[in-house]
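Student: Supplied in structure tokens, the structure appears directly below.
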Amino acid sequence: MKGASKVYFGRRYMLSASHRLHAEALTAEQNRVAYGKCNNENGHGHDYFVEVMVGGPVNAETGMVVDLAALDSVVRERVLDRFDHANLNLDPLFSDRVPTTENFSRAIFALLNDAVPNGKLEQVRVEETENNFFECVGGRINDYGASYSGHKSDSSSG
Amino acid sequence: MIFLTRRATFSASHYYWNDSWSAEKNREVFGRCANRNGHGHNYTLEVTVAGEPDPATGFVVDLKWLKDVMEREVLAAYDHKHLNLDVPEFKHRVPTTENIAIAAWSRLEPAITAAKGAKLSRIRVYETPEIFAEYRGWQ
């Protein structure tokens, strides 16, 4: 058994949040056509499952890719504390972006990308319901990283 | 290319301990998992093989055959065992989920390769429904 190859460590979290799918650039009718029930004016909510996958070599002393408690702490601080029992539309990340689960998974990837305690963030999977899920494996996330910095300085005001 | 996954469960006990560390450091790094009397989990093992369906059978591999290989190579050694005490590869290696995924690959890969059908693609081991490790071979 060789010891230095890459292993992926996965951890699942749950958060409950509300949202409304509505694009400002579209007319009311176009929004209803595009988003259907999800366009309901007063919003609706989901129990989202967020699966974070970190890849890297297994530490020979600990047998671990990443310390679970340290990963939990980062995810709690950056994702769960921010979105659990919140309205996604009111978060600065979604001020100019519809909080679809595609965008939500990409936002979570950006929030965690430079913060995993060890290894590399490989994938963020978000399950909106038990019948649909989305996986972000990186890519166009830089604009979300900038928004994360903005949120930190804004958070004291509310 | 088709990826086919077979799932199985096993129950085992373990503890996390590095013999080259002090007791204090083991407790600091591994927390409750360092309790020397052990604790246990209901593990789920997912084995994914990749290949083309056989034109005659439509199978990538025979699922019954894969089930038997998993039972013979992994479950017979791990199910209802103490991983640290009963399983040779964990005598001197901490039985974390990561190391179990690598070890399960080592146990399964020769039999699957010898069958000259599908290739072993991925091993995923769930320690709980919220924690898993995945190994895709040497990368």
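The values are calculated or read from the model by the stated rules, or taken from the named source; none is laboratory data. Source: prediction; values computed, not measured. Note that each Cβ is placed from the backbone with ideal geometry, even for glycine, and that neighbours are counted across all protein chains shown.
Student: Given A:Val66, A:Val74, A:Val33, which one is touching a helix residue (DSSP H, G or I) at 6+ places or on another chain (Cβ under 8 Å) and either modelled with pLDDT of 95 or more or under 24 Å from A:Thr129 (Cα atoms) (or both)? Outline the logic, then answer.
Tutor: Values: A:Val66 fails: touching a helix residue (DSSP H, G or I) at 6+ places or on another chain (Cβ under 8 Å); A:Val33 fails: touching a helix residue (DSSP H, G or I) at 6+ places or on another chain (Cβ under 8 Å).
Unique residue meeting the criteria: A:Val74.
Student: Same structure again: Can you pull out every residue in the range A:119-144 that is surrounded by 14 or more Cβ atoms within 10 Å (Cβ to Cβ), more than 18 Å from A:Ser18 (Cα to Cα), among the aliphatic types (A, V, I, L, M) and at pLDDT 80 or above?
Tutor: A:Leu121, A:Val124
Student: Residues in the range B:37-44: is at least one modelled with pLDDT of 95 or more and touching a helix residue (DSSP H, G or I) at 6+ places or on another chain (Cβ under 7 Å)?
Tutor: Scanning the range B:37-44, I find no residue that is modelled with pLDDT of 95 or more and touching a helix residue (DSSP H, G or I) at 6+ places or on another chain (Cβ under 7 Å), so the answer is no.
Student: Answer with yes or no whether B:Thr48 is within 14 Å of chain A (Cβ to nearest Cβ), touching a Ser or Thr at 6+ places or on another chain (Cβ under 6 Å) and under 22 Å from B:Ser13 (Cβ atoms).
Tutor: Details: within 14 Å of chain A (Cβ to nearest Cβ): yes; touching a Ser or Thr at 6+ places or on another chain (Cβ under 6 Å): yes; under 22 Å from B:Ser13 (Cβ atoms): no.
For B:Thr48, the condition - within 14 Å of chain A (Cβ to nearest Cβ), touching a Ser or Thr at 6+ places or on another chain (Cβ under 6 Å) and under 22 Å from B:Ser13 (Cβ atoms) - is not met.
Student: With the structure loaded, tell me whether A:Ser147 is assigned to a helix (DSSP H, G or I), over 15 Å from the mean Cα position of the chain (by Cα), small (Gly, Ala, Ser) and at pLDDT below 95 or whether it fails that test.
Tutor: Working: assigned to a helix (DSSP H, G or I): yes; over 15 Å from the mean Cα position of the chain (by Cα): no; small (Gly, Ala, Ser): yes; at pLDDT below 95: yes.
Considered against the rule, which asks whether it is assigned to a helix (DSSP H, G or I), over 15 Å from the mean Cα position of the chain (by Cα), small (Gly, Ala, Ser) and at pLDDT below 95, A:Ser147 comes out as no.
Rundown of residues vs (1) in contact with a helix residue (DSSP H, G or I) (Cβ under 7 Å, 6 or more places away or on another chain); (2) away from chain B (no Cβ under 14 Å); (3) modelled with pLDDT under 95; (4) surrounded by fewer than 18 Cβ atoms within 10 Å (Cβ to Cβ), yes/no style:
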position	(1), (2), (3), (4)
A:Met14	no, no, no, yes
A:Thr62	yes, no, no, no
A:Asp81	no, yes, no, yes
A:Leu112	yes, yes, no, no
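Student: Just give me the residues in the range A:1-56 being among the hydroxyl-bearing types (Ser, Thr, Tyr) and under 23 Å from the mean Cα position of the chain (by Cα), in sequence order. Write out each step before concluding.
Tutor: At the first step, the residues of the range A:1-56 found to be among the hydroxyl-bearing types (Ser, Thr, Tyr) are A:5, A:8, A:13, A:16, A:18, A:27, A:35, A:48.
Of everything in the range A:1-56, those that are among the hydroxyl-bearing types (Ser, Thr, Tyr) and under 23 Å from the mean Cα position of the chain (by Cα) turn out to be A:Tyr8, A:Tyr13, A:Ser16, A:Ser18, A:Tyr35, A:Tyr48.
Student: Separate question: Please go through the range B:76-98 and give me each residue that is surrounded by 17 or more Cβ atoms within 10 Å (Cβ to Cβ), more than 11 Å from chain A (Cβ to nearest Cβ) and not in a helix (DSSP H, G or I), ordered by number.
Tutor: Matches in the range B:76-98: B:Lys81, B:Val87.
Listed here are the residues, each with its yes/no results for (1) among the charged types (D, E, K, R); (2) within 14 Å of chain A (Cβ to nearest Cβ); (3) outside any helix (DSSP H, G or I).
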site	(1), (2), (3)
B:Leu66	no, no, no
B:Val69	no, no, no
B:Val74	no, yes, no
B:Ile100	no, yes, no
B:Ala111	no, no, no
B:Glu134	yes, yes, yes
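Student: So which residues in the range B:28-58 are crowded, with 16+ Cβ neighbours inside 10 Å and out of contact with any strand residue (DSSP E or B) (no Cβ under 6 Å at 6 or more places or on another chain), if there are any at all?
Tutor: Of everything in the range B:28-58, those that are crowded, with 16+ Cβ neighbours inside 10 Å and out of contact with any strand residue (DSSP E or B) (no Cβ under 6 Å at 6 or more places or on another chain) turn out to be B:Val29, B:Phe30, B:Cys33, B:Ala34, B:Gly51.
Student: Let me ask something else. Check whether at least one residue in the range B:6-19 is in a loop (DSSP other than H, G, I, E, B), surrounded by fewer than 12 Cβ atoms within 10 Å (Cβ to Cβ), out of contact with any Phe, Trp or Tyr (no Cβ under 6 Å at 6 or more places or on another chain) and within 14 Å of chain A (Cβ to nearest Cβ), and report yes or no. Full working, then the answer.
Tutor: Going through the range B:6-19, the residues in a loop (DSSP other than H, G, I, E, B) turn out to be B:15-19.
Going one step further and asking which of them are surrounded by fewer than 12 Cβ atoms within 10 Å (Cβ to Cβ), we end up with B:19.
Those still in the list that are out of contact with any Phe, Trp or Tyr (no Cβ under 6 Å at 6 or more places or on another chain) too: B:19.
Cutting the leftovers down to within 14 Å of chain A (Cβ to nearest Cβ) gives us B:19.
Checked the range B:6-19: at least one residue is in a loop (DSSP other than H, G, I, E, B), surrounded by fewer than 12 Cβ atoms within 10 Å (Cβ to Cβ), out of contact with any Phe, Trp or Tyr (no Cβ under 6 Å at 6 or more places or on another chain) and within 14 Å of chain A (Cβ to nearest Cβ).
Student: Still on this structure, please answer the following. Looking only at the range B:116-126, decide whether some residue is within 14 Å of chain A (Cβ to nearest Cβ), touching a helix residue (DSSP H, G or I) at 6+ places or on another chain (Cβ under 6 Å) and surrounded by fewer than 19 Cβ atoms within 10 Å (Cβ to Cβ).
Tutor: Scanning the range B:116-126, I find no residue that is within 14 Å of chain A (Cβ to nearest Cβ), touching a helix residue (DSSP H, G or I) at 6+ places or on another chain (Cβ under 6 Å) and surrounded by fewer than 19 Cβ atoms within 10 Å (Cβ to Cβ), so the answer is no.
Student: Looking at (1) exposed (fewer than 12 other Cβ atoms within 10 Å of the Cβ); (2) within 14 Å of chain B (Cβ to nearest Cβ); (3) not basic (Lys, Arg), which is the only condition A:Phe9 fails?
Tutor: (1)
Student: Buried (at least 18 other Cβ atoms within 10 Å of the Cβ) and on the phi < 0 side of the Ramachandran plot: is that true of A:Val33 in this structure? Before you say what the answer is, go through the steps one by one.
Tutor: Values: buried (at least 18 other Cβ atoms within 10 Å of the Cβ): no; on the phi < 0 side of the Ramachandran plot: yes.
For A:Val33, the condition - buried (at least 18 other Cβ atoms within 10 Å of the Cβ) and on the phi < 0 side of the Ramachandran plot - is not met.
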